[in-house]
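See structure below.
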Amino acid sequence: MSSDGVVVDEAVRAAWDTYRILEKRTPAKERQEAQQRVKAAMDSVGREEVSRGTVFLVGVLTGYLIADPPGGGERLDPLGDLIPAVIRKLPTFEMADPEQVPMATGVLMAAAMGMDTVAWRDQFGTISPKEALVHGFVLWLLADLFDSLVDKPGTIDQLMRETFGSMGTSQD
């Protein structure tokens, strides 16, 4: 595990791949490739680091949604709009453990306050697999919100893939 909120690039890429695995619009072949990349990253840098990558991306998307709402609409109020909307939808994921929701809410709050979400989360120790799963669902919900605000499914996935490509971390 890195310190000071730094996450290995491979873990961040794998964290985004977990979104692509959850996203129904991801073609089967691409989903399978994403699953292979996640497994390879977990073998290489560890499950914990990939989980930290998910927390990092939750922070990035939250910050973007609050500061510069896609589609040019009104800024989202993190406490009145964004966080409650995401947390209310978590129970739609059958595998989301309700006991993990407070930590996921904390990560969202840290992001809304402009804090480094990874550094904030790291202070509480290791991310359990159940908690990591909930952060993955939160990431999917934030991505879905982004796409719904621009009224164009797949927009955030394309943006993220272009970003990874420009960073030299794309493995598609």
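The values are calculated or read from the model by the stated rules, or taken from the named source; none is laboratory data. As the structure is a prediction and not an experimental result, all values here were calculated from the model. Here the Cβ positions follow ideal geometry from the backbone for every residue, glycine too, while neighbour counts run over all protein chains shown. In case anyone asks, the SASA skips ligands and DNA or RNA and just uses the protein heavy atoms, side chains included. Shrake-Rupley method; radii C 1.70, N 1.55, O 1.52, S 1.80 Å.
Figures for the structure shown
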{"quantity": "Kirkwood Rh in Å, taken over all unlike Cα pairs in region 13-86", "calculated": "13.8"}
{"quantity": "Per residue accessible area in Å² of region 18-149, where ligands, DNA and RNA are left out and the probe is 1.4 Å", "calculated": "49"}
{"quantity": "Pairs of lysines in the chain (C-alpha under 18 Å apart; 8 or more residues apart or interchain)", "calculated": "5"}
{"quantity": "Listed residue (LEU79, THR155, VAL7) projecting farthest to the positive dipole end of the chain, Cβ model", "calculated": "THR155"}
{"quantity": "Cα gyration tensor shape for region 52-109, rounded if a/c is under 1.5, else prolate or oblate", "calculated": "prolate"}
{"quantity": "Region 76-120: C-alpha gyration tensor shape, a/c 1.5 cut-off, then a/b vs b/c", "calculated": "oblate"}
{"quantity": "Selection of chymotrypsin sites (Phe, Trp or Tyr not before Pro), region 132-162, meeting DSSP coil and at most 11 other Cβ within 10 Å", "calculated": "none"}
{"quantity": "Cβ-derived FRET efficiency at R0 41 Å, ASP68 paired with ASP43, nearest 0.05", "calculated": "0.70"}
{"quantity": "Range of Cα positions in region 108-150 per principal axis (Å), largest first", "calculated": "36, 25, 10"}
{"quantity": "Peptides ranked, highest mean first, by Cβ atoms within 10 Å: ranges 44-53, 154-163, 21-30", "calculated": "44-53, 154-163, 21-30"}
{"quantity": "Quotient of Cα Rg and 2.2 N^0.38 Å for the chain, N being how many residues it contains", "calculated": "0.96"}
{"quantity": "Cβ charges +1 (Lys, Arg) and -1 (Asp, Glu), total dipole of the chain, debye", "calculated": "340"}
{"quantity": "Span-rule helices in the chain, defined as complete DSSP H runs reaching 24 Å or more along the axis (Cα) with Kyte mean at least -0.5", "calculated": "47-67, 129-150"}
